[in-house]
Amino acid sequence: MRKSLLMKMTTIALSLLVGWSLAAQQRVTISGVVTDDQNEPMIAAGVVQKGTTNGTITDLDGNFTLTVPAGSVIEFSSVGYVTQEYVATKTETITIKMLTDTQMIEETVVVGYGVQKKSDVTGAISQVKSEDIQNRTITSPEQALGGKTAGVQAFASSAAPGSTPAIRIRGISSNNDANPLYVVDGRIASSIAGIDPNDIESMEVLKDGASAAIYGAQAGNGVVLITTRRGKGDGKISYSFQLSSQRLGMTPQVMNSEEFLQYYLEKGSISINDVYTKWDQKTNTDWLKESYENSIMHHHNLTFSAGNDRGNLYISGSYLDNNGMFKGDADVYQRITGMVNGSWKFKSWLEVQTNNQVEYYKSRNVSEGSDYGSAVLAALQLDPMTPVYYTEENLPDFMRQYIAEGKVLLGNENGYYGISQFNLSENVHPFVQRDRSYSVSKGFNINGSTAINLRPIPELTITSRLGYRFNSYDSYGYNHDYYYNEGYAKQYYMSVNATSGNNIYYQWENFVNWMHQFGKHNVSAMAGVSYSQNRSYSTSAGISGSDTGGVIDFGIKRDDPLFYYISQATPTATKSAGGGQENYSRKYSYFGRIGWSYLNRYNVQATFRADAADLSVLPKPMRWGYFPSVSAGWTFSEENFFSGIKNAVNFAKLRVSWGQNGSIAGLGNYSYSNDIVSLGQYPTGVQNSDGSWQYIIAYGPSVAGNQELKWETSEQFNVGVDLRFLRDRLSVTFDWFDKMTKDLIVTGVTTSTIVGVGASPMNAGNIDNQGIELEVRWKDQVGDFFYSIAGNFSTLRNRVTYLHPSLKDGLPGTGVRNYGTITRFEKGYPAWHLYGYEYAGVETTTGEALFNHYEPVTDEAGTVTGYELAGTTTDPADSDKRHLGSGIPTMNYGLTFNAGWKGIDFLLFVSGASGHQIMNALNNIDYTSNRLTVLTKDRWTPEHTNATVPAAGAANFAKYLTSNGVVYDGSYMKIKQIQLGYSFPKNLLRKILIDQLRLYVSLDDWFTFTKYPGFDPEIVGVGANMGVDKGNYPTSRKMVFGVNITF
Amino acid sequence: MKTKYILIAFLTAVLAFSSCNKLLDIPRKAVIDNNTYYKTDEEVESAVVAMYLDVRGWYYNVMLVKHCLTDDYFSGGAAHGDNVDMDALGEFAFNSETGQIQSSFEGYYKLIYHANVILGNIDPEQSKAAARAVAEAHLFRGWAYFELITLWGNPPIVDHELTPSEYQQPNGSTEDLWKLVEDDLTYAVNSGVLVSKTSLNDNTVWRVTKEYGQALLGKAYLWMAWELKDNSYYQKSADMLKNVINSELYDLWTAGPYGDMRHMAYAQNCESLFESIRINDLDNQGDNFDFYSAMVGYRSSGSEMTIPETVAAGGWGFKVPTEDLLNAFVAYEGADSYRRKETIKTYDELKAMGVVWNTLTLSTGIYTWKGRYMPDEVGFMSMLNWKNPLWMRFAEVLLLGAEANLQAGHPDIALQYVNRVRTRAQLPALNGVTLDIIKTEKRLELCGEGVRYQDLLRWGDAATLLKNKGDVYPTMEPNGTVKYVSTGRSVYGFKVGKHEHLPYPFTETSLNKAIKQNPGY
């Protein structure tokens, strides 16, 4: 740094300090309890120094502690109660009694780098509070977001133990990854799966562009702020325990033995002879029933919490053990987490705060989600004539023969796993799928943030915060030798692989918050800088035996699990190694916010963030991204003209916001650069003395490079209204948004010929999301009976509005087996829409499937201008493929009903989605595999020609499987939770030194209402797989018993 | 209070922390970075040979396009319709989606890209090799633009590596395009760093030479005189070509029969101005995959003909000489002239050599002799070959020089050049030349070498000579009876106002909205 600048800064700093030192001594700490008019402690009442963001909320016992400058006014607020004011003159403990009348609600929400009064909010922020999270069977915070707030959608490709859904805020805004930015206590987190939901105080979803813009380049897909718990009260110990019994919920219906045989006899895949020689005339295995079992998940959580006017401490530990419902212990997620949060005011002007989480996990999974076979899919496709086990005694001859030949057949104490004689595919017995390989991943994370807050004068807070994450992971696995069938499922040797790696991340942020009040004006400002670095490192190795024309190298020196390690490879085993290269990524940012409010009636805010990316992300000239936003709020219920109806409508605010955010999706790994590669060799015509020819190897750029690559940028406009009626018992929040994301980063663009070389990834697409969101809450108390209903509803219209002209057919997404691509990212349609043939029923004479056929329409010059429907065909061409639907729901809703009477409480939580489609890809034609009965029941036969489904042997069945014949309405409604609890009376508990004791029972994910004939309409893929069900691990039905105790 | 001052002062300082930009410059691992390449002579050389590979890669598409479009050849093949694109070319029914036109266009711009990479990244002051690389890049780019202008008219000017916002380029103006060609070739010729052969019989130079640059520039001046309507270019052309002719490094080849002059054994002979290098390296046969030899070989791949090893390698039977070409020879130099017999053979002549026809073929009974592939020059069903593609030979330089001198008012020099060519062709010397004589001489001397189509356009003869191209195609019985069969096309032949230029490929016009398609397409 140059000397003159340093001098200047020191001067500025010192001159500021003189001013601060005078005021800083006069600070007082007010602590105490807030009760309602029944003298019951009030939970989560807002406690804020008036006109500032300095504030807290009361804990479960109504306790609070707040330090403010002497003479300032503290406001106490809670929904449904009159806001109380108290003038803090000296440090003291007080009791505030709130009165039910509901003139004003003063809750606070966490915003980026600060806290805001809810009434000052000008953007669109949804809150999920601890009461929405606790006592549910969710194991990760992401799971808490679905159904509880409007504008949030959860997409999942698995509900296996330890899996988490992908959260999409206000739609899909990229062809690349569209995960929101997660910020935990100020630390930007790559994953939040390691946080126990019980340790969360609140989650704020920053939905509109203006709220998220303070996080700039990373906020294009929305931001989720997570605030973890802080210690409160004078020492409290809580323990909660939850035991869940899990079982398979909805199951797809497949054919039984009789139906199966009849079907494939019709198709001609099997002969009558097969029926008699390969089937014992009675076996009728229900593979779904055999593959799944009732399993147990238990979850313990112990917390210690205390706080006073100087500081607070929160320590918690949790243990989760979820053994999934697939039979055996191959689907298990175990996790231990710990949290230590504390803060202390070392001086009246200096507070140190630290939040830390530790996590250790172990996870094993069964295969799923693959159209080429998995443990999950096998349970649907294996024929019912094959028994689960053969004992030594009733082993069929062909299996005996295998054993005699020295082939390794898998089994367990019940016998050998049955080998199918009908379905000779790669999709084998579910237990063989489970047992032929073993894999486990383990790891630990230490996450946290530690901050110093300086408050030299009451109006100014300077924060320096260090966030960090130490992550270590390893995985280990092997594949056995085994034999199932000759064609696709056998291996005569072993392979072992192992990976280990770590990530070290830190982020250092320094920012200043300032607020000032003069007259009826409140002004505030925040400014700061941020720097972050991530280092990732991993190494991996593998060994594999081989089978070269019957010559077997087993790969491992000894066939014994104690020898299944890389170090025990045979000398001739194939060895592979990777990694060992450390990779860094870094970011550097400036950010700021200014706000002004007048008469609590007019609020205006503006934010700005400048982000710089490192070279792995963007080329140097394009490094900086600038993300502005403005927003305004008008509380028109404060205007004079409103006074007439203020009794009925007690609060009304109009919000308007506009902001730009970036997205790092699709960037990274130096995608813009053009590296030098070999282009071939050219002979000089000269021969060396040994007779070999001289060549010069040509080198040149492999692609054009793109020095103009820039951030994907979302621009969002939001209009919202907040209304509260009938003494605040009814509150309504409505928002409309239009979010346009431009400059999507697209690979696969074809350059025009004159460029002379292929294109690098380019900014070459736009996508638009529009929707409305409605959140309604009704809350009332009638005597001892309290109840509330909270509902949310949102709509979404998603469209790709531009894609580079060379991508006329869109970007290809996923396919099903080798039948072709069935999702596309294409102009004019929702992201990754379903695309295939239009099924037009059955050809009545042959049983073949019929599809709509289109002919091109040409203009006078012979140019194709469009297509028109020209009848049906049994042999459709690629040009007959059309839009078949989209996996993105156009409507989502959630409803939570709460009621309490004396000690009894009841909760009902319902959520659902509609307006989307699911392609059922649980069937194939390539083998004699079982099929869903929706594809077989009403099939064409010579006797039943008036059918809806093609004949068993229809030659074009593969095309049927990529048509809307197998696309279903994906709408569903789920009753996610029905919970009944009882809290024992306090006076009874005090005698046994217990503060609180609550017991509850619950049915979670128990009822699903849908027309979709698969496992679970909620678990059907993410991204390019959206809406394509390839057999994913479904959500389990859970019966839950739980205890909450506080000492 | 002191602690407070120190802490706050510290934090105030870090709040504005000094630039972190350097920390963001994380170098990429495990790749060769384009920004730091091209420093050593070895790296420079590797960028240069990319251009040589590009040029060698042109041969297949460019030559087939140019043959098909002349009055000297039918497109050919196993039967009519064997190769739809080739038929479309041969019958003037091509459009913007015709494959070989598209591939040729792509090939030229690929070379221009690799030249621009050198010009944008290599400083000629860096080393002698760098200076030569830059000169060669200018030469190759100038050559590519000569081809693009003479075939397409007004292609976009791309004189540097384009960035994505520049991907849509409009057509270049005729003046700017020719200026680019002149500047590039002039730079190369005057650079002083291009190599030259050491003697007439030096056959080791695989690079483009200064003399090749002069020959290209002299050729370009001839076209500029015509297209820019400025006769002063004739003299410039004559002067520039004189440099080559008088260099004494090139001469007409006479060491063997005329028809064998392009055989592998005589590669890079004294007549050759520039050849791409191919070698028969058993360890690298993959490099020799080039269907050109298969395409132009006599139709024998379906056992239509039996060809003795001493005659030629067989193939797929494209590039079928026309009767018109034979007639031109007969009219100009007699029925059985040495040059005719060494250039094309008749049915009877081949039959006498032991060739046997087994079935009906698409043939005029006339077969290519000069430039044919011999069995020892090809491998694997003629789909491999190791014969150097020849891009220009001294006879062309002489005939270009003859035309330039005639137009510039030096008929004596023109006559001298033409007679040199005639002497080697075993024809009597003439006493005087006209443009028509030069035209005929050039057609016959250089037939099948990819120069005639551009000449026909420049001379304005295409409309007359190619008017009916595409009405019929020939078939021949094994006994040599030739019949002409209608192609069934309603639209065929050269159309004035359209076929003066090839169409820009559809792949270009659909992605480059700034380009204007040539009229008629």
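Any read-out appearing in this document is the output of simple, stated calculations on the displayed coordinates, not a laboratory observation. Keep in mind that what you see is a predicted model, and the values were worked out from it rather than measured. Virtual Cβ from ideal backbone geometry, glycine too; neighbours counted across all protein chains shown.
Centroid-to-centroid, using Cα positions, region A:831-904 and region A:172-200 are 34 Å apart. This model, with +1 at the C-beta of Lys and Arg and -1 at the C-beta of Asp and Glu, gives chain A a dipole about its Cα centre of some 3900 debye. A cut-off under 14 angstrom between Cβ atoms defines the neighbours of A:LYS278, and their net charge, with Lys, Arg +1 and Asp, Glu -1, is -3. Straight-line cross-link partners of B:LYS229 among the aspartates and glutamates, defined as a Cα under 12 Å from its Cα and at least 8 positions apart when in the same chain: B:GLU175. Think of the protein assembly as shown as a dipole: +1 on every Lys or Arg Cβ, -1 on every Asp or Glu Cβ, centred on the Cα centre; then among B:ASN358, A:PRO876, A:GLY249, A:GLY249 lies furthest on the positive end.
The trypsin sites (Lys or Arg not before Pro) found in region A:951-1007 that occupy coil by DSSP, while having at most 12 further C-beta atoms within 10 Å, are A:LYS991.
Stretching the chain fully between B:ILE26 and B:ASP202 yields a gain of 58.3 nm (0.36 nm per residue, less the alpha carbon separation).
Annotation for region A:297-341: trypsin sites (Lys or Arg not before Pro) lying in DSSP loop with at most 15 further Cβ atoms inside 10 Å of their Cβ are A:ARG310. Compute the signed sum of charges (Lys and Arg +1, Asp and Glu -1) over the other residues within less than 13 Å, Cβ to Cβ, of A:GLU359. Here the count lands on +2. Working note: 222 nm ellipticity from helices only, DSSP H runs with n ≥ 4, each -39,500 (n - 2.57), summed and divided by the residues of chain A, gives -2000 deg cm²/dmol to the nearest 500.
List the trypsin sites (Lys or Arg not before Pro) within region A:456-528 that fall in a DSSP loop (any state other than H, G, I, E or B) and whose Cβ has at most 16 other Cβ atoms within 10 Å. Answer in residue order: A:LYS520.
Remark: the A:LEU599-A:LYS362 segment gains 79.8 nm on full extension, using 0.36 nm per residue and subtracting the alpha carbon distance. Listed cross-link partners A:LYS118/A:LYS902; B:LYS179/B:LYS516; A:LYS50/A:LYS236; A:LYS97/A:LYS232; A:LYS620/B:LYS513 are compared with a 23 Å cut-off, the Cα-Cα value being larger for A:LYS118/A:LYS902; A:LYS50/A:LYS236; A:LYS620/B:LYS513.
For region A:363-370, backbone phi angles converted through the Karplus equation (6.51, -1.76, 1.60; θ = phi - 60°) give residue-by-residue couplings of 9, 10, 9, 8, 6, 6, x, 10 Hz, Gly and Pro being listed as x. Given an 8 Å cut-off on Cα distances and at least 6 residues of separation, report the relative contact order of chain A as a percent. Taking the mean separation of contacting Cα pairs over the length of chain A, I get 11 percent. Determine, from the Cβ-Cβ distance of A:LYS289 and A:SER348 and an R0 of 56 Å, the FRET efficiency 1/(1 + (r/R0)^6), rounded to the nearest 0.05. Efficiency at R0 = 56 Å is approximately 0.25.
Against the main long axis of the alpha-carbon atoms of chain A, helix A:3-23 sits at an angle near 60°.
Taking a ≥ b ≥ c as the square roots of the eigenvalues of the alpha carbon gyration tensor, the protein assembly as shown is prolate, as a/c is not under 1.5 and a/b beats b/c. Which of the lysines could a cross-linker bridge to A:LYS490, judged by Cα under 19 Å and excluding same-chain residues fewer than eight apart? A:LYS490 reaches A:LYS407. Summarising the amide proton neighbourhood of A:ALA759: residues at separation of 5 or more, or on other chains, whose placed amide H is nearer than 5 Å comprise A:ALA704, A:THR751. Before anything else, pin down the relative contact order of region A:66-185: Cα pairs under 8 Å, at least 6 apart, normalised by residue count, whole percent. Reported relative contact order: 13 percent. Legend: distances between Cα atoms for A:LYS129/A:LYS207; B:LYS210/B:LYS236; A:LYS937/A:LYS976; pairs beyond 20 Å are A:LYS937/A:LYS976. Distance between the C-alpha centers of region B:206-235 and region B:433-477? Whole Å please. Taking the Cα centre of each part, region B:206-235 and region B:433-477 sit 21 Å apart. For region B:512-517, putting each phi into the Karplus relation 6.51 cos²θ - 1.76 cosθ + 1.60 with θ = phi - 60° gives couplings of 10, 6, 7, 7, 9, 5 Hz, in residue order, rounded to whole numbers and with x for Gly and Pro.
Rounded to the nearest 20, the Cβ-based charge dipole of region B:297-414 about its Cα centre (Lys and Arg +1, Asp and Glu -1) stands at 240 debye. Say the dipole of region A:647-794 comes from +1 at the beta carbon of Lys and Arg and -1 at that of Asp and Glu; which of A:PHE737, A:ALA648, A:GLY659 then lies farthest toward its positive end? Farthest along the dipole direction, towards plus: A:ALA648. Output the 0 to 90 degree angle, nearest 10, between the alpha-carbon long axis of helix A:257-267 and the longest principal axis computed from the alpha carbons of chain A. Between helix and principal axis, roughly 60 degrees. Would you list which lysines come within 23 Å of B:LYS469, measuring only between C-alpha atoms, while excluding same-chain residues fewer than 8 positions from it? B:LYS469 reaches B:LYS66, B:LYS319, B:LYS345, B:LYS439, B:LYS442, B:LYS483, B:LYS495, B:LYS498.
Projecting the Cα atoms of B:TYR108, A:HIS298, B:ALA79 onto the charge dipole of the protein assembly as shown, computed from C-beta unit charges around the Cα centre, puts A:HIS298 farthest toward the positive end.
Under a Cβ-Cβ cut-off of 13 Å, what is the net charge of the residues other than A:SER538 that fall near it, where Lys and Arg count +1 and Asp and Glu count -1? Residues near A:SER538 contribute -1 overall. Calculate the FRET efficiency for A:THR747 and B:ARG489 from the Cβ-Cβ distance with a Förster distance of 45 Å, rounded to the nearest 0.05. About 0.60, to the nearest 0.05.
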